[in-house]
Amino acid sequence: MRPMRSKFSQSRRTVPSLNVASMPDLIFTVLFFFMIVTHMRSDEVKVRLQVPQGSEVQKLANKQAVVNIYIGHKGEAWHVQLNNDIVQPGDIPARIEEIRSGLSQENQQRLTVSLRVDKKAPMGLVSEVKRQLQQAYALKINYSATEIKK
Amino acid sequence: MFRKRYRQQIPELNTTSTADISFMLLIFFLVTSSMDTEKGLMRQMAPPPLEHETPKDINRNNVMQVKLDAQNQLSCDGKPVTLQQLAAEVRTLAMVNRTGHVVQIEADAKTTYEAYFSMQDAIVGAYHTLREEYAHKHYGCSYETCNAEQREMINDYYPQRISEGTIAQEGGAQ
């Protein structure tokens with residue numbers, strides 16, 4: 001009888017608590033991973049747009065020297081947004097010049113304009129924007145698109 | 001005697017909530033940042049035309065005119081074509097006259113951007129297949145795996161000669 005009883009008393013122990021001391025470390029690791037691989041959303045897009053799809057797209061390198069231009073619709077009319085504000089196409093050269101003066105020498109040469117244009121946007125407006133960019137000598141452009149496999 | 005009483009263990013700091021705090025930080029970062037890598041079609045535009053510049057003479061036979069009209073209809077040298085046909089045409093032109101040909105793009109003001117973009121995509125794709133072939137033949141690897149020097153060689157061998165003409169302003173109410 002005696003061994004039996006001792007067995008019973010053994011199984012009546014409390015469950016040991018889980019050690020969670022390393023949990024914050026784990027989560028911090030995930031946090032740092034996310035901080036490194038992602039980048040902050042810099043500007044708020046005020047127009048509605050959907051970029052087209054293409055198969056020959058390349059990754060856009062060097063995020064510092066990128067100017068974003070969004071062309072999309074807001075209500076009925078088409079609008080052009082440069083970085084954070086809605087602009088008229090005619091104001092683009094001045095804005096580009098302003099941005100360019102704030103950049104370092106190397107980045108001034110690498111300056112790329114990322115054109116995020118809605119699928120249905122009329123080419124008249126897009127070419128007007130492109131003409132203004134040409135005037136501002138911002139000649140490297142990137143037609144933003146989502147990738148499709150052939 | 002009193003001393004003995006003071007020699008207690010230092011109470012441990014309660015760190016149970018650190019996990020919660022770091023979770024909150026993590027979620028904050030997930031919400032405010034975007035993970036999408038920006039991708040797109042890189043193009044180099046020509047500098048603005050100077051007034052005293054005289055237009056260069058070019059043989060009419062080497063120019064291919066690609067046009068998009070207001071109904072998004074693609075035409076190449078006057079004949080309506082599909083995107084695949086356009087790519088094939090560009091490929092043959094660039095292969096026959098590597099450094100002398102010009103692909104001239106013209107789009108109507110009412111063309112949608114999507115049509116324009118897929119046309120650009122098709123033309124760049126045509127050049128890309130040519131360069132890919134060249135890379136395989138001469139370096140035995142695909143264009144992507146070639147080193148920078150080899151790529152430059154290939155790019156010089158098959159240069160992209162795309163000219164964007166002025167856009168026809170038709171039916172303007174101004």
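The values are calculated or read from the model by the stated rules, or taken from the named source; none is laboratory data. Nothing here was measured: the structure is a model prediction, and the numbers come from that model. Glycine also receives a Cβ, built like all others from the backbone with ideal geometry; neighbour counts cover every protein chain displayed. Side chains are part of the model used for accessible areas, which takes the heavy atoms of the whole protein and leaves out ligands, DNA and RNA. Shrake-Rupley method; radii C 1.70, N 1.55, O 1.52, S 1.80 Å.
In the stretch A:83-108, what count of residues is obtained for those that are under 21 Å from A:Leu125 (Cα atoms) and of a type in the set (S, T, N, Q)?
The number of residues fulfilling the criteria is 3.
Which is open to solvent by less than 70 Å² (accessible area, probe 1.4 Å) and either facing chain B (nearest Cβ under 8 Å) or free of Cβ contacts under 8 Å to residues at least 12 places away in the same chain (or both), of A:Val80, A:Val57?
After ruling out the rest, the residue left standing is A:Val57.
Out of the stretch A:124-138, which residues are among the hydrophobic types (A, V, I, L, M, F, W, C) and at pLDDT 85 or above?
A:Leu125, A:Val126, A:Val129, A:Leu133
When you scan the stretch A:84-95, do you find a residue that is modelled with pLDDT of 85 or more, basic (Lys, Arg) and more than 23 Å from B:Met119 (Cα to Cα), even just one?
Yes, the stretch A:84-95 has at least one match.
Which residue, of B:Thr112, B:Thr145, is of a type in the set (S, T, N, Q) and either modelled with pLDDT of 85 or more or in contact with a strand residue (DSSP E or B) (Cβ under 6 Å, 6 or more places away or on another chain) (or both)?
Of B:Thr112, B:Thr145, the one residue that is of a type in the set (S, T, N, Q) and either modelled with pLDDT of 85 or more or in contact with a strand residue (DSSP E or B) (Cβ under 6 Å, 6 or more places away or on another chain) (or both) is B:Thr112.
Which of the residues belonging to the stretch A:135-150 are within 7 Å of chain B (Cβ to nearest Cβ), outside any strand (DSSP E or B) and open to solvent by less than 40 Å² (accessible area, probe 1.4 Å)?
If the condition is that a residue be within 7 Å of chain B (Cβ to nearest Cβ), outside any strand (DSSP E or B) and open to solvent by less than 40 Å² (accessible area, probe 1.4 Å), then A:Leu139, A:Ala145 are the ones that fit.
Here is a list of conditions, (1) within 12 Å of chain B (Cβ to nearest Cβ); (2) surrounded by 11 or more Cβ atoms within 10 Å (Cβ to Cβ); (3) at pLDDT 80 or above; (4) not in a strand (DSSP E or B), and A:Ile99 meets all of them except one; can you say which number that is?
It fails just one condition, (1).
Is it the case, given these coordinates, that A:Arg48 is out of contact with any strand residue (DSSP E or B) (no Cβ under 7 Å at 6 or more places or on another chain) and open to solvent by 20 Å² or more (accessible area, probe 1.4 Å)?
In short, no.
Given the conditions (1) out of contact with any strand residue (DSSP E or B) (no Cβ under 6 Å at 6 or more places or on another chain); (2) modelled with pLDDT of 70 or more; (3) among the hydrophobic types (A, V, I, L, M, F, W, C), and given that B:Phe2 satisfies all but one, which numbered condition is not satisfied?
Just one mismatch for B:Phe2, condition (2).
List the number of the failed condition for A:Asn107; all other conditions in (1) part of a loop (DSSP other than H, G, I, E, B); (2) at pLDDT below 85 hold.
Failing condition for A:Asn107: (1).
Scanning for something more than 23 Å from A:Thr38 (Cα to Cα) and in contact with a helix residue (DSSP H, G or I) (Cβ under 6 Å, 6 or more places away or on another chain), does the stretch A:63-79 turn up at least one residue?
Going residue by residue through the stretch A:63-79, those that are more than 23 Å from A:Thr38 (Cα to Cα) are A:71-79.
Restricting the remaining residues to those that are in contact with a helix residue (DSSP H, G or I) (Cβ under 6 Å, 6 or more places away or on another chain) gives A:78.
Yes.
Name the strands (runs of 3 or more DSSP E) wholly within the stretch B:54-146 that hold at least 1 residues that are open to solvent by less than 80 Å² (accessible area, probe 1.4 Å), more than 13 Å from chain A (Cβ to nearest Cβ) and free of Cβ contacts under 8 Å to residues at least 24 places away in the same chain?
B:74-76
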